[in-house]
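> Okay, here's the structure, questions in a sec.
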Amino acid sequence: MSTTRTSPEALLHIRDLHAGYTVPGRSGLGRRRVDAVAGVDLTVRPGQTVCIVGESGCGKSTLARSVVGLLEPFAGSVSFAGLDLATAGRRERRRVAHDLQMVFQDPYTSLNPRMRVAEIVAEGWHIHRDVVAPAEHATEVARLLTQVGLDASYATRRLHELSGGQCQRVSIARALALRPKLIVCDEAVSALDVSVRAQILNLLADLQRELGIAYLFISHDLDVVRHIADEVAVMYLGTIVERGTAAQVFESPQHPYTQALLKAAPSVRDRPGAAKDLPLTGEVPSPSSPPTGCRFRTRCPLAADICESEAPELRVRDGGDHPAACHFAG
């Protein structure tokens, strides 16, 4: 099977991605698709942390699962290390699989409770046999547990003997076991209490500095995003509505949705210039029947006739320094 390769400068390159699920068609005839992700473009470079933020239901987790291959996209492309995963054959995908790992939100449902910690961490080595020799498994498990802040003795324990934070450290150790270049973190700290959350975030930052790992970090928590992000992409109803560096998005938000999110965040809402007083109104529309034109217009206090008829492009507007998809950005 032929494959398409992109520039190696982008470790992960997402182009016009459409993904989601299917539902029964009208009158129960056939099935129709629902685009939970509707035309996303995104790039993650080596050693970089890119955060996707937005309300629940905006398509963040669908995007994450599409990137790692747990969900097959409807259209568009996901390229990793220059390889188009949609057109790659099984052998080529397997060669890059260990370079792309994922840490899920809930370690209790993403890890096997019947397995001991050592078995969980070493599981990938039985599939990718060239990473660690069998004779070195025990030594490497101990090293990984120490690296994520757990004593090597935890190798013999099961999940019910661990706290939530310790289980998430095991999840990170499992992801690190295959020596990845990119880890997708889907709400990886949202289920943890504040003190443990800070420990895990610091751990991820330390690992990035030590190993040069890139992160695609999915979160609805702006405190977390501000702490770790190099770049931020704000997502609404399956589309990216604003993208920029963390400083640009937090200090000079251009899109009304971003401004409303920042205004609602207790830690940033009172910062001078951080957000305008643009409260959200109404309910998030269903992705099965999104609004025409601008998808945010039904909740936007700035909406005008043009917003109903014309979808705004994600681009830099006059007076701005980063792209936003709004006719009245800034």
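The values are calculated or read from the model by the stated rules, or taken from the named source; none is laboratory data. For clarity, every value in this text was computed on a predicted model and none was experimentally measured. Counting neighbours? That spans all protein chains shown, and the Cβs are built from the backbone with ideal geometry, glycine included.
> Of the residues in the range 229-244, how many are more than 24 Å from D99 (Cβ to Cβ), more than 12 Å from the chain's Cα centre (by Cα) and either in a strand (DSSP E or B) or acidic (D, E) (or both)?
Summing the residues that are more than 24 Å from D99 (Cβ to Cβ), more than 12 Å from the chain's Cα centre (by Cα) and either in a strand (DSSP E or B) or acidic (D, E) (or both) in the range 229-244 gives 7.
> Please find, among Q166, Q208, the residue that is assigned to a helix (DSSP H, G or I), in contact with a Phe, Trp or Tyr (Cβ under 9 Å, 6 or more places away or on another chain), within 19 Å of H98 (Cβ to Cβ) and of a type outside the set (V, I, T).
Q208
> Next question. Taking the residues in the range 207-228 that are under 12 Å from the mean Cα position of the chain (by Cα) and within 19 Å of G59 (Cα to Cα) as candidates, determine which candidate is modelled with the lowest pLDDT.
Of everything passing the filter in the range 207-228, H220 is modelled with the lowest pLDDT.
> Among what's in the range 199-219 and is surrounded by fewer than 19 Cβ atoms within 10 Å (Cβ to Cβ) and of a type outside the set (A, V, I, L, M, F, W, C), pick the residue that is nearest to L11 (Cα to Cα).
Residue satisfying both the conditions and the ranking: G212.
> Scan the range 156-168 residue by residue and report those that are hydrophobic (A, V, I, L, M, F, W, C) and surrounded by fewer than 21 Cβ atoms within 10 Å (Cβ to Cβ).
L159, L162
> Name the residue that is surrounded by the fewest Cβ atoms within 10 Å (Cβ to Cβ), counting only residues in the range 87-106 that are part of a loop (DSSP other than H, G, I, E, B) and modelled with pLDDT of 90 or more.
If we take residues in the range 87-106 being part of a loop (DSSP other than H, G, I, E, B) and modelled with pLDDT of 90 or more, then D99 is surrounded by the fewest Cβ atoms within 10 Å (Cβ to Cβ).
> Residue under question is P272, and the condition is that it be in a loop (DSSP other than H, G, I, E, B) and at pLDDT 90 or above; does it hold?
The answer is no for P272.
> Still on this structure, I have one more. Could you list, in sequence order, the residues of the range 177-198 that are free of Cβ contacts under 8 Å to residues at least 60 places away in the same chain and crowded, with 17+ Cβ neighbours inside 10 Å?
Within the range 177-198, A177, V189, L192, V196, R197 meet the criteria.
> Right, here's the next one. Output the residue which, of all residues in the range 300-325 that are within 25 Å of E231 (Cβ to Cβ) and without any contact (Cβ under 8 Å) to a residue 24 or more places away in the chain, is surrounded by the most Cβ atoms within 10 Å (Cβ to Cβ).
Among them, the one singled out is P312.
> Only one of these is more than 22 Å from T49 (Cβ to Cβ) and assigned to a loop (DSSP other than H, G, I, E, B): V141, V131, V189, V121. Name it.
V131
> Residue check: is L42 under 12 Å from the mean Cα position of the chain (by Cα), surrounded by fewer than 23 Cβ atoms within 10 Å (Cβ to Cβ) and either within 29 Å of P285 (Cα to Cα) or at pLDDT 90 or above (or both)?
Yes: the conditions hold for L42.
> Can you pull out every residue in the range 104-131 that is among the aliphatic types (A, V, I, L, M) and over 15 Å from R179 (Cβ atoms)?
Across the range 104-131, the qualifying residues are L111, M115, V117, A118, I120.
> Considering only the range 64-86, state which residues are surrounded by fewer than 18 Cβ atoms within 10 Å (Cβ to Cβ) and either more than 20 Å from R33 (Cβ to Cβ) or of a type in the set (S, T, Y) (or both).
Passing the criteria: S77, G82.
> Select from the range 1-31 the residues that are at pLDDT 75 or above and closer than 19 Å to A214 by Cβ and write down the one among them that is surrounded by the most Cβ atoms within 10 Å (Cβ to Cβ).
Selected residue: L17.
> Okay, moving on. Out of (1) assigned to a helix (DSSP H, G or I); (2) touching a Lys or Arg at 6+ places or on another chain (Cβ under 6 Å); (3) more than 19 Å from V68 (Cα to Cα), the odd one out for I200 is which?
(2)
> Filter the range 146-171 down to the residues that are more than 19 Å from S110 (Cβ to Cβ) and in contact (Cβ under 8 Å) with a residue 60 or more places away in the chain and list them by number.
Selection gives Q147 alone.
> Going through the range 28-54 one residue at a time, which ones are in a loop (DSSP other than H, G, I, E, B) and closer than 21 Å to L201 by Cα?
Hits for the range 28-54 are R45, P46, G47, Q48, G54.
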